[in-house]
Amino acid sequence: METFILIIIVVITNFLSAVTGFGGNILAMPFVISLVGIGVARPLLMVTALIQPCYITISLRKYINWKVLKTIVLVSGLGLPLGIWLYQYLPQNSLLISLGVIMVLASALGFMKLNNIKIEITSKPALLILLFLGGIVQGALLSGGPLIVIYTAFVLKDKMQFRVTLSALWTILYTVTIIQGLYNQDFTIEIVKYLGIIIPFLIGTVGLANLVAKKLSQRVFGYVINITLCIGGIITIINQII
């Protein structure tokens, strides 16, 4: 039953992520942690989160904005090692509360955007700080997406460029994180077993998500993602406080 629930969570969150270009791990992380613990959840999601952005990047590579991607990789990449270090030394309770807060704030920003409430950040240094912080959160919890997405939304207005450029970014970041995880010997036999079961389901999901992304309203998925983000964030915070 645990494995079945795990498959459902990872497939649904990766489906939503494939449609929008972001959000998979920050949606999945609190639920997967509650099932198998952070020690298994983190390396497991490193691999599952790489499959769909890699597919999108290869199949839709003509939409990548290379200039924006280069800036994101360089700046967020500076924060990535710091995040990995924080994961090793900070209490898991503090990291998970931080994740919950980020999820709630990200959902609030998402609802504001869906309701045409404009958020303007004109300072280039402020936007670059967002990228750096996103790299830190990505290294620690694989969930730096909301901060990086805020930056990308300000500099890329085209939907396909936004989606595919972010997918290229996740491909790079998760590849680096997996290499770091292998170096730290984070991958156990238990994790490999889970991956062997889950990956075939994900491969089919990505193709379906690409079809849905072309046909269904992005606004509907926006509401689903932000509601899930908010609920997941609140549950994460409460679980660590109680």
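Simple spin-label estimate for Ile197 and Lys113 gives 3.4 nm between the two label positions (7 Å along the Cα-to-Cβ direction from each Cα).
Our estimate of slack between Trp66 and Ile5, defined as 0.36 nm per intervening residue step minus the Cα-Cα distance, is 18.2 nm. Pairwise alpha-carbon distances in the range 2-241 exceed 31 Å for 14% of all pairs.
Only Cα pairs under 8 Å and 6+ residues apart enter the sum, and on that basis the relative contact order of the range 2-241 stands at 39 percent.
Show me the helices of the chain, taken as full DSSP H stretches, that run 24 Å or more along their long axis by Cα and average 0.5 or above in Kyte-Doolittle hydropathy. Don't skip to the end; give the middle numbers.
On the way: long enough: 2-20 (27 Å, 2.12); 38-59 (32 Å, 1.40); 66-89 (34 Å, 1.02); 92-114 (33 Å, 1.58); 124-141 (25 Å, 1.79); 159-183 (36 Å, 0.83); 189-215 (40 Å, 1.40); 218-241 (34 Å, 1.30).
For the chain, where a helix must reach 24 Å along its axis and average at least 0.5, the hits are 2-20, 38-59, 66-89, 92-114, 124-141, 159-183, 189-215, 218-241.
Could you count how many Lys pairs in the chain have their Cα atoms under 23 Å apart, skipping same-chain pairs fewer than 8 positions apart? Lysine pairs meeting both conditions in the chain amount to 24.
When the helices of the chain are scored as -39500 (n - 2.57) per DSSP H run of n ≥ 4 and the total is divided over every residue, the value at 222 nm lands at -29500 deg cm²/dmol. The charge dipole of the chain, taken about the Cα centre with unit charges on the Cβ atoms of Lys, Arg (+1) and Asp, Glu (-1), comes to about 920 debye, rounded to the nearest 20. GNM on the chain, alpha-carbon springs under 10 angstrom: the most fluctuating residue among Gln88, Gln161, Gln180 is Gln88.
We did not get these values from a lab; they are worked out from the coordinates using the rules stated. These numbers come from a predicted model, not from an experiment. Quick reminder, even Gly has a Cβ in these numbers, built from the backbone with ideal geometry, and neighbours come from all protein chains shown.
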